[in-house]
Structures are given as C-alpha cells and as structure tokens.
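Accompanying notes for the structure given below.
The values are calculated or read from the model by the stated rules, or taken from the named source; none is laboratory data. Quick caveat, the model's predicted, so the values are computed rather than measured. When we count neighbours, we look across all protein chains shown, and the Cβ atoms used for this are built from the backbone with ideal geometry, even at glycine.
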Amino acid sequence: MLGLSISNPAYAEGKSFVTPELPIIDSEMTEKEAFDGLNPQCPAEILERQMIVTITYYSSDNSIHQGQLVIDGELEKDIKAVFELALQQHFPIHSVIPISDKRFRKDGSWDDDLSMEANNTSAFNYRSITGNSSRLSKHAYGRAIDINPFQNPYIKGDTILPKSSEYDPTVDGTLTTDHPIVCAFLRLGWEWGGTWTSCKDYQHFEKPLNK
C-alpha cells in the first residue's frame with residue numbers, strides 16, 4: 001500500500017487484522033509537517049481554521065489503520081462520526097494521509113492528481129476547482145473531502161480522474177446513492193458530488209460554511 005511506513009509489530013508478523021487499539025500507522029504528522037509546502041497564497045483566516053484529525057479506518061488490506069485528515073475544525077465531529085460508521089461497517093478506505101506528504105508533491109507543491117492516483121483520501125488543499133483555475137475549491141477552505149478516488153472518480157464528458165479509474169458500484173470501497181456513508185454525510189448537511197448534473201464527482205463531499 002503506497003509503500004507506507006508500518007509501525008505495528010502484529011502486521012510485521014503477517015497477521016491480516018489489527019485492532020483499533022493497535023492500528024497500522026499510515027500517518028502521524030506534526031502540525032509543521034502537515035502544513036509544510038502549503039500554497040503561500042492561502043489566507044491566514046483560512047489556515048487558522050484548519051486542524052489535524054486522527055482517523056482510524058478499515059483499509060483495503062483487511063486491517064485497521066490510523067491516518068490523518070486536515071480539515072476545518074468545525075467539521076471534526078461530522079468527520080469522526082462518518083469514519084466511525086465506516087469502521088463499524090468495514091468499508092475499505094485505502095489510505096488517509098494529508099496531501100502535504102512528500103509522495104503527493106510535484107515541483108515541491110501539493111498535487112491533487114498524485115494523491116488521487118494513489119487512491120488516497122484527503123481533505124484540505126488550497127487549490128482551484130477541477131477545470132476552473134479562477135474559482136477556489138471547497139478543499140481550499142478545508143470543507144471538502146475526497147474518499148477512495150480510484151473507486152469513486154471525477155467524470156465529466158471524456159475526462160475521468162484519476163486516469164485509468166472506473167466507477168463500478170459492485171467494487172468494494174465504491175460510494176453509491178443509497179450507501180450508508182453517503183446517507184450519513186447527507187444527514188449531516190453535506191453535499192455529494194455523485195448527485196451533480198454537470199459532472200459526477202463520486203469521491204467528493206463538501207459542506208457550506210455556516211454563516
């Protein structure tokens with residue numbers, strides 16, 4: 001899996017399942033590491049809202065992993081509730097690593113394409129929306145999350161991202177209209193890109209800022 005560091009001795013011994021109390025560690029960044037390489041144009045008022053949330057999840061190797069999301073602190077409870085549901089249901093999430101990780105950088109900058117191609121779940125990334133360089137994405141505010149991009153691609157016309165991905169609702173880790181994860185996000189007031197008409201962004205959930 002992505003050549004991730006493994007610090008769990010049970011996993012090293014070849015066991016296929018690890019408990020939430022002793023998960024495989026995919027990410028344990030410090031605050032400095034999590035924001036290293038951030039686009040310098042990110043306003044201080046946005047950066048100040050971001051927090052690192054530790055996530056425990058059932059991964060595609062049938063083991064329990066621990067990762068991190070960087071997201072608007074207002075959304076912490078929502079994210080923890082949805083990921084707890086995902087863990088209970090053994091919904092496989094490939095990895096959850098902040099996009100500041102060195103593997104997701106291009107020319108020193110955070111790169112959404114590299115994160116998607118690695119099937120990595122991530123949230124905060126100060127960037128424009130896909131296909132429109134003049135408009136900020138909800139990710140730029142830490143108010144969006146992309147889950148399992150390879151099973152849940154962005155599709156607009158002939159454009160499919162990440163490349164070589166395919167949307168197949170029968171594959172584990174895929175999100176559908178009636179999936180409990182989708183329903184949980186919707187109940188909490190989030191919007192799912194899988195319902196959009198101009199494109200389909202099955203990996204994407206976002207929540208407007210409370211006024």
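Brief remarks on what is shown
Each row is one residue, and each column tells you yes or no for (1) within 25 Å of LYS32 (Cβ to Cβ); (2) small (Gly, Ala, Ser).
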site: PHE83; (1), (2): yes, no
site: LYS102; (1), (2): yes, no
site: THR121; (1), (2): yes, no
site: THR130; (1), (2): no, no
site: SER134; (1), (2): no, yes
site: PHE150; (1), (2): no, no
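- Counting only helices (runs of 4 or more DSSP H) that fall entirely inside segment 28-116 and contain at least 2 residues that are touching a Ser or Thr at 6+ places or on another chain (Cβ under 8 Å), the qualifying elements are 31-35, 76-88.
- Hey, ILE147 surrounded by 21 or more Cβ atoms within 10 Å (Cβ to Cβ) and not polar (S, T, N, Q) or not: yes
- Scanning segment 78-107 for residues that are of a type in the set (Lys, Arg), within 19 Å of PRO149 (Cα to Cα) and either touching a residue at least 24 places away in the same chain (Cβ under 8 Å) or touching a helix residue (DSSP H, G or I) at 6+ places or on another chain (Cβ under 9 Å) (or both) yields a count of 3.
- Against the numbered list (1) of a type in the set (A, V, I, L, M, F, W, C); (2) under 30 Å from ASP172 (Cβ atoms); (3) touching an Asp or Glu at 6+ places or on another chain (Cβ under 9 Å), ALA81 comes up short only at (3).
- Residue within segment 3-15 that is over 18 Å from ASP172 (Cβ atoms), at pLDDT 95 or above and surrounded by 15 or more Cβ atoms within 10 Å (Cβ to Cβ) present: no
- Tally of residues being of a type outside the set (Asp, Glu) and in a helix (DSSP H, G or I) across segment 117-143: 4
- Flag for TRP190 being hydrophobic (A, V, I, L, M, F, W, C), at negative phi and buried (at least 19 other Cβ atoms within 10 Å of the Cβ): yes
- Residue tally, condition within 20 Å of ASP61 (Cα to Cα), under 14 Å from the mean Cα position of the chain (by Cα) and in contact (Cβ under 8 Å) with a residue 60 or more places away in the chain, over segment 136-178: 1
- Within segment 57-77, residues that are farther than 17 Å from MET29 by Cβ have Cβ atoms under 8 Å from residues that are of a type in the set (Ser, Thr, Tyr) and not in a strand (DSSP E or B) in these pairs: ASP61/SER16; ASN62/SER16; SER63/TYR11; SER63/SER16; ILE64/THR19; ASP72/TYR141, counting only partners at least 6 apart in sequence or on another chain.
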